[in-house]
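Below is one structure, written out as structure tokens; comments come after it.
The values are calculated or read from the model by the stated rules, or taken from the named source; none is laboratory data. Because the structure is predicted, anything quoted here is derived from the model rather than measured. FYI the Cβ positions are ideal-geometry reconstructions off the backbone, even for glycines, and counts take in every protein chain you see.
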Amino acid sequence: MWEFTSPKSIVFGEGALEYLKEIEGKKAFIITDKVIRNLGYVEKVASYIREAGLSVEIFDDVEPEPSRETVIKCAKCAGLFEPDWIVGLGGGSCIDAAKASWALYERPDIQVDEISPLLKLGLRKKAKLIAIPTTSGTGSEATWAVVITDTKERRKMELASKELVADVVILDPQLPLTMPKSLVADTGVDALANALEAYVSQWHNYFSDLPAVNAVQAVFKYLTRSYRNSQDREAKENMHYAATMAGLAFSNSQICVAHAMGHALGAIFKIPHGRSVAAVLTFAVEYMARGAMERFGVLANAIGIKAETSVETLDRFVQALKLLLKDIDEPTSIRELGISWNDFQSELDNLVERAMSSTGTIASPRVPTAEDYRRLFAYAYEGKTVDF
């Protein structure tokens, strides 16, 4: 039996932010970062909320790859303000921090790492959640997953609870227009990996398949355009929607090997999530394909690839992935991340251990062993075609 989870409402299109004028309540707590605040988006959101008659308080200390400590600090601030709306505004880091802080605000008796599908949180006794993404990639606004960094252990905690799905998602195509090129690329790769892995995951289903394929098609069609032309509104709008579709897909399926490896790389070497996933993506695809050749064939066909054999189809799909990554100046190997061979070797055991602990490992169409991961990381460092 499956249960498809999604936000109660998704508001999208030009002027979508004006929906905030209609919310009912007394207090709204906006969780964001200083970059978003400097861009003027925080005050714009706050002004609409004030028009609805609510008082507003702002927490803008979220850092990239938010830490356990930041979440705890944010939850304490929320507890003092006692809002009935939590508003996550920004990229995936801000929205993940908002979801985790919301859980601790409602449940101050638990620890961050206790958030899991096995624990009934009992949310919405104090507040509801609005998620407003300003980047087009993580899909966090549509998911029940949360990634928080344990800085002491250099580990990304993959947390989840179906109660954490936002009540309202607002997709305003004006918001991603100011993303720098590097962020367009990083978040776009994340959206692609989310959709691709959702489709091939062992836990895929009919309702996750549809948004996954649509998102893959949209990324191949619009990501390069969005990267090359900051004024291409059509491309940016479609990438914004594609990211949320990818989020819906993997939230109702699962991530796989590329994310397991990417999370490990990002946590240990402090690399932005999209770039760490990009560096291992084609190698993960080559590895997983032996357990999902037909499904990769469907993705290849969806982007216009035709071939006589499944092996040839996969090869062309991998080449299309590499070309896309190069077009947006993303790494196609771990070496291209600037990590030295000695540093890579010294952390290989840690990389393998962290990848093995990821939920993406058990959901993969081909489940890696520790030795498989060791070889995969080495192949991904060297840029070597996976032949096992």
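Considering the conditions (1) touching a residue at least 40 places away in the same chain (Cβ under 8 Å); (2) of a type outside the set (D, E, K, R); (3) more than 30 Å from MET1 (Cα to Cα), THR313 is excluded by exactly one of them, (1). State whether the residues of the range 157-167 include one that is touching a Ser or Thr at 6+ places or on another chain (Cβ under 9 Å), closer than 20 Å to GLY360 by Cα, not hydrophobic (A, V, I, L, M, F, W, C) and not in a strand (DSSP E or B). Among the residues of the range 157-167, at least one is touching a Ser or Thr at 6+ places or on another chain (Cβ under 9 Å), closer than 20 Å to GLY360 by Cα, not hydrophobic (A, V, I, L, M, F, W, C) and not in a strand (DSSP E or B), which makes the answer yes. Could you check, for the range 122-140, whether at least one of its residues is of a type in the set (S, T, N, Q), free of Cβ contacts under 8 Å to residues at least 12 places away in the same chain, in contact with a Lys or Arg (Cβ under 9 Å, 6 or more places away or on another chain) and assigned to a loop (DSSP other than H, G, I, E, B)? The answer is no, given that none of the residues of the range 122-140 is of a type in the set (S, T, N, Q), free of Cβ contacts under 8 Å to residues at least 12 places away in the same chain, in contact with a Lys or Arg (Cβ under 9 Å, 6 or more places away or on another chain) and assigned to a loop (DSSP other than H, G, I, E, B). Test ALA284 against the criterion of being part of a helix (DSSP H, G or I), without any contact (Cβ under 8 Å) to a residue 24 or more places away in the chain, out of contact with any Leu (no Cβ under 6 Å at 6 or more places or on another chain) and among the small types (Gly, Ala, Ser), and give yes or no. The answer is no for ALA284. Among residues of the range 229-252 being free of Cβ contacts under 8 Å to residues at least 24 places away in the same chain and in a helix (DSSP H, G or I), the one that is farthest from the chain's Cα centre (by Cα) is GLU234. Of the residues that make up the range 377-387, is at least one under 16 Å from ALA193 (Cβ atoms) and within 22 Å of the chain's Cα centre (by Cα)? For the range 377-387, residues under 16 Å from ALA193 (Cβ atoms) and within 22 Å of the chain's Cα centre (by Cα): present.
Run down LEU314, LEU281, LEU265 and say which single residue is crowded, with 24+ Cβ neighbours inside 10 Å, under 13 Å from VAL386 (Cβ atoms), in the same structural domain as ALA215 (by TED's automatic domain parsing) and at pLDDT 95 or above. Full working, then the answer.
Details: LEU314 fails: crowded, with 24+ Cβ neighbours inside 10 Å; LEU265 fails: under 13 Å from VAL386 (Cβ atoms).
Just one listed residue meets the conditions, LEU281.
One residue stands out among those in the range 15-43 that are surrounded by fewer than 16 Cβ atoms within 10 Å (Cβ to Cβ) and without any contact (Cβ under 8 Å) to a residue 40 or more places away in the chain: the one that is nearest to ASP84 (Cα to Cα), which is GLU24.
Given the criterion modelled with pLDDT of 95 or more, touching a Cys at 6+ places or on another chain (Cβ under 7 Å), within 19 Å of SER6 (Cβ to Cβ) and in the same structural domain as ALA278 (by TED's automatic domain parsing), identify the matching residue among SER208, SER201. I'd like the intermediate steps shown before the answer.
On the way: SER208 fails: touching a Cys at 6+ places or on another chain (Cβ under 7 Å).
When all the criteria are applied, what remains is SER201.
Could you say whether any residue in the range 250-259 is buried (at least 24 other Cβ atoms within 10 Å of the Cβ), among the small types (Gly, Ala, Ser) and touching a Leu at 6+ places or on another chain (Cβ under 9 Å)? There is at least one residue in the range 250-259 that is buried (at least 24 other Cβ atoms within 10 Å of the Cβ), among the small types (Gly, Ala, Ser) and touching a Leu at 6+ places or on another chain (Cβ under 9 Å).
Scanning the range 284-306 for residues that are under 18 Å from GLY188 (Cα atoms) and of a type outside the set (Gly, Ala, Ser) yields VAL285, LEU299, ILE303.
Which condition breaks for PHE388 when tested against (1) buried (at least 22 other Cβ atoms within 10 Å of the Cβ); (2) of a type in the set (Phe, Trp, Tyr); (3) outside the structural domain of ASP186 (by TED's automatic domain parsing)? For PHE388, the failing item is (1). Screening LEU175 with (1) among the hydrophobic types (A, V, I, L, M, F, W, C); (2) under 21 Å from ALA267 (Cβ atoms); (3) modelled with pLDDT of 95 or more gives one miss only, at (2).
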